[in-house]
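Have a look at the structure below, then the notes.
No lab work stands behind these numbers, since they all come straight from the coordinates. Not measured: the values here are computed from a predicted model. We place every Cβ from the backbone using ideal geometry, glycine too, and count neighbours over all the protein chains shown.
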Amino acid sequence: MKKITTLFITLSMTLTTGLVVGQNTRFSDPQQVIDNEFWGNLYAEGGSSFFCDTAFSGKGFVMSDGYIYPLADIRTALDCGTASQCRQDNRYRQITSDLHNMVPVRTRIEMRRRNARYENLGDTTGADECGIRESAQFFEPPERVKGDVARTMAYMVDTYGLPWLGATPVLKGWSKLDPPDDRELSRHKRVAEIQGNENPFVVNPGLIERL
């Protein structure tokens, strides 16, 4: 009986993993997605940088493809080795091809926040011209995108089994204080059309409380 139960649990976990990883079923080549879908489709006509809300006409020296859930943390979570080694890992390639996690970011900001953890830093930490607060390894985004960050983080945690990058109550609080606005909903709709799946935490923000 114990063997049968163990087999059932193992099979259930295998099926669940297959379903979870299968959320993004269209893309598994990160560089191709960045070139063709992110810059060539989603932001083909430009847009506004995620954290600073400054207009741009296309990819350039000052703009980068950024990741709400940083690539280095995905590599750590998967324990797949170096960046070069992880590129040979099919699961890593699929996760890092997910457009829901990609946003246009000023290059200098992306360089600063790659290893940061999301946190409320408060008024004792001064905000820069974009409304960003930083201290040591902590990063607090501007008020207007805190919910966007939280819902993307929830999506990555729930979809791919990755750990939270920051205190869960903080991120859940951000989602509640900054519900989806028209810009987030519009971007989400375009990503869903291109990639073929939605972020359920944008469609129904209350779901984050169940994590």
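Tabulated values for the structure
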quantity	calculated
Cα→Cβ-extended label distance, 7 Å offset, between residue 204 and residue 167, nm	2.9 nm
Contour minus Cα-Cα distance for residue 135 and residue 45 (0.36 nm per residue)	28.9 nm
Normalised convex hull volume, the stretch 120-211, alpha-carbon set, Å³ per residue	108 Å³
Sorted by Cβ density within 10 Å, fewest first, the residues 177, 165, 78	177, 78, 165
Descending principal axes extents, the stretch 26-210, alpha-carbon based, whole Å	43, 36, 32
The chain: DSSP helices with Cα axial extent of at least 18 Å and average Kyte-Doolittle hydropathy no lower than 1.0	2-21
Over the stretch 26-210, relative contact order from alpha-carbon pairs under 8 Å, at least 6 apart, %	21 percent
Extension gain, residue 192 back to residue 125 (0.36 nm per residue minus Cα-Cα distance, nm)	20.5 nm
Within a Gaussian network of the chain (alpha carbon springs, distance under 10 Å), most fluctuating of 107, 124, 159	124
Spatially near lysine pairs across the chain, Cα under 30 Å, sequence gap of 8 or more or different chains	7
Length released on extending from residue 185 to residue 90, taking residue separation times 0.36 nm less the Cα-Cα span	31.2 nm
Lys/Arg +1, Asp/Glu -1 at C-beta; the chain dipole; positive extreme among 84, 147, 70	84
